[in-house]
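Written out below as structure tokens is the structure these notes cover.
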Amino acid sequence: MKPAIIAETNDYLVINKPAGMATEPPSDRPTLRDWLIEAGQIRAGEWAEDKRCGVVHRLDTDTSGVILWAKSESAQASLQQLWQGRQVKKTYLALVAGRSEQTGVIEAAIERDNRNDRQRVTHLPTTKSRSAITEYKTLGHAKVGEREVSLISAHPITGRTHQIRVHLKSIGHPIIGDKLYGEKSSDEISRTLGLKRQFLHAFSLELPDNKTYQANLPSELTEPLRVLDLLGKI
């Protein structure tokens, strides 16, 4: 599946990134940056090396959904200020193991796991950890065999690496299909549903000027929701 440009302004592109594609190098997977260069949407030679060809924010490789990409260095600086100032409302959809509470706020610091350099863990605040806050709302519940699952709308207030994945795992609700943070229960549900990826999708971005951009769910995520009768809950 290829990326799709959802919208374009004078300052930025809005893109629906597929799962399996990294945002930028270095990566052993295809990257969104390289796709934009090949598609003629950006020109690498026009950017200073430290500007990374217009990256504003990133999505995990196996997370699909909406992402903004700056078209100039001045636009990049302005957009990054919005992210750093927590002025952008981000909404993700996640299917998780277990029956989640109706609403909640997860406030737990995150740091790199000393046992696995790829992983992050929640931790009491230390000099190495970074504060992290995720708000969530449960949209619906369903059963997969004898196990329950919940469809969640997650709103990360901060933007730490793997934040939603780590936070949901920390409250006992790992994301279905998450190979890094999954547990036995979520792995079994993933196999039953035939999921080949983690069920985490960046659904929408709302900017301070009230512009909202939404990325439709890909078919590999809508089909499990249809089977579980949860598609209408979005």
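The values are calculated or read from the model by the stated rules, or taken from the named source; none is laboratory data. All values derive from a computational prediction rather than experimental measurement. Here the Cβ is made from the backbone with ideal geometry for all residues, glycine too, and neighbour counts use every protein chain on show.
Details
- The listed residue being surrounded by fewer than 20 Cβ atoms within 10 Å (Cβ to Cβ) and assigned to a helix (DSSP H, G or I), out of Gln76, Gln80: Gln80
- Residue in segment 14-31 that is over 22 Å from Glu220 (Cα atoms), over 16 Å from the mean Cα position of the chain (by Cα) and at pLDDT 95 or above present: no
- Inspection of segment 127-136 finds a residue satisfying the criterion of being surrounded by 15 or more Cβ atoms within 10 Å (Cβ to Cβ), more than 24 Å from Met1 (Cβ to Cβ), in the same structural domain as Asp113 (by TED's automatic domain parsing) and aromatic (Phe, Trp, Tyr).
- Here is the figure for segment 41-73: residues that are part of a helix (DSSP H, G or I) and of a type in the set (Lys, Arg) total 2.
- When segment 191-212 is limited to residues that are under 20 Å from Leu139 (Cα atoms) and either among the aromatic types (Phe, Trp, Tyr) or over 18 Å from the mean Cα position of the chain (by Cα) (or both), the one that is surrounded by the fewest Cβ atoms within 10 Å (Cβ to Cβ) turns out to be Leu193.
- Count of segment 143-159 residues which are under 21 Å from Ser185 (Cβ atoms), of a type in the set (Gly, Ala, Ser) and not in a loop (DSSP other than H, G, I, E, B): 2
- Residue pairs meeting the criteria (Cβ under 7 Å; at least 6 apart or on separate chains; first without any contact (Cβ under 8 Å) to a residue 12 or more places away in the chain, in segment 216-228; second crowded, with 16+ Cβ neighbours inside 10 Å and of a type in the set (A, V, I, L, M, F, W, C)): Thr222/Leu231
- Qualifying residue in segment 92-112 (condition: of a type in the set (D, E, K, R), out of contact with any Gly (no Cβ under 7 Å at 6 or more places or on another chain) and not assigned by TED's automatic domain parsing to the domain that holds Pro224): no
- Asp178 acidic (Asp, Glu), within 28 Å of Arg86 (Cα to Cα) and part of a loop (DSSP other than H, G, I, E, B): yes
- Here Asn10 passes the criteria (1) surrounded by 13 or more Cβ atoms within 10 Å (Cβ to Cβ); (2) touching a residue at least 60 places away in the same chain (Cβ under 8 Å); (3) not assigned by TED's automatic domain parsing to the domain that holds Lys179 except the one numbered (1).
- Check on Ala97, at negative phi, at pLDDT below 95 and in contact with a strand residue (DSSP E or B) (Cβ under 7 Å, 6 or more places away or on another chain): no
- Some residue of segment 177-189 being buried (at least 17 other Cβ atoms within 10 Å of the Cβ) and touching a Ser or Thr at 6+ places or on another chain (Cβ under 6 Å): yes
- Filtered by the rule that a residue be in a loop (DSSP other than H, G, I, E, B) and in contact with a helix residue (DSSP H, G or I) (Cβ under 7 Å, 6 or more places away or on another chain), segment 208-224 gives a lone residue, Pro208.
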